[in-house]
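Here is the structure we will look at.
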């Protein structure tokens, strides 16, 4: 069994104790991290190593940042950026092989406020992801496209509200881009496992959204067909969101029977 998790940690050094406590309890084999918010030299590699995790990461000062952790093995780094725009230096994509499976950590742009340059950047980045995903699919490799997509795919993926209709996470253009990605043949693992009901992975710090359980699903695993048949379980570690000093995301995980 391979347990793969994705977790937007929202500042790895600020929440290192939270991350270590979750790793010790959940014991995932592979973890995609987003919003590491640390420069390359400031990544806490030694603290993770004590728990048995090796890592590859792409840091960026104060913003973004992605990493892939693997338990008792070193991830084999294959990419540190998304192809398609050599001018884009934001640390939002990393890719590595673990146990013969290609794993990504995706931190798709938020896109707010929209309309405007940030939303345009989000959609342009999405196009690059769709193009690269098509190449990965065509390669025939077993692939897990894991990460924080900053997209609420359908109305059932957010608590009932009209207050966020103009949010970039929910806009039709964002949802359509996600649907086009799925149409290549990827399987939305969490929705496959839990076809009905909420699967919140994010609760805003504001407006008591956590306390009122007003969440949304932003963190996704898209599986290539050769892995989708091996999916056996998955869930959201909501308890981690309730801890002191928690990220506004909860870790999400799947189990693959390899």
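Annotations for the structure displayed:
- Alpha carbon centroid spacing (whole Å) that separates segment 162-240 from segment 53-97: 22
- Scattering from segment 166-258 was approximated by placing one identical point on each alpha carbon and applying the Debye formula without solvent; log10 I(q)/I(0) at 0.10, 0.14, 0.16 1/Å stands at -0.31, -0.59, -0.76.
- Subtracting the Cα-Cα distance of residue 99 and residue 180 from 0.36 nm times their residue separation leaves 26.3 nm of extension gain.
- Order of 81, 247, 62, 32 - criterion: other Cβ atoms within 10 Å of each residue's Cβ, fewest first: 62, 81, 247, 32
- Calculated Rg and Dmax of segment 1-77 using C-alpha coordinates, Å: 11.2, 36
- Net length gained if the chain between residue 51 and residue 258 were fully extended (0.36 nm per residue, minus Cα distance): 72.1 nm
- Computed over the Cα atoms of the chain, the ratio of the radius of gyration to the Kirkwood radius (Rg/Rh) comes to 0.93.
- Cβ-Cβ FRET estimate between residue 41 and residue 85, R0 fixed at 25 Å, reported to 0.05: 0.50
- Per residue, the convex hull spanned by the Cα atoms of segment 101-237 measures out at 107 cubic angstrom.
- Result for the chain in a Gaussian network model with C-alpha springs under 10 Å: among 212, 192, 171, the largest mean-square fluctuation is at 212.
- For the residues 80, 154, 104, a GNM of the chain with alpha-carbon springs under 10 Å puts the largest fluctuation on 154.
- Contour minus Cα-Cα distance for residue 211 and residue 131 (0.36 nm per residue): 24.9 nm
- Rg/Rh for segment 57-177, where both radii come from Cα atoms and Rh is the Kirkwood radius: 0.99
- Sites residue 229 and residue 24 - FRET efficiency at Förster radius 35 Å, r taken between beta-carbons, to 0.05: 0.65
- By definition, a body whose alpha carbon gyration tensor gives a ≥ b ≥ c is prolate when a/c is 1.5 or more and a/b is larger than b/c, and segment 32-78 fits this prolate description.
- Listed from fewest to most Cβ neighbours within 10 Å, the set 132, 72 follows the order 72, 132.
No value in this document is a laboratory result; all are computed from the given coordinates. All values derive from a computational prediction rather than experimental measurement. Cβ atoms come from the backbone with ideal geometry, glycine included; neighbour counts cover every protein chain shown.
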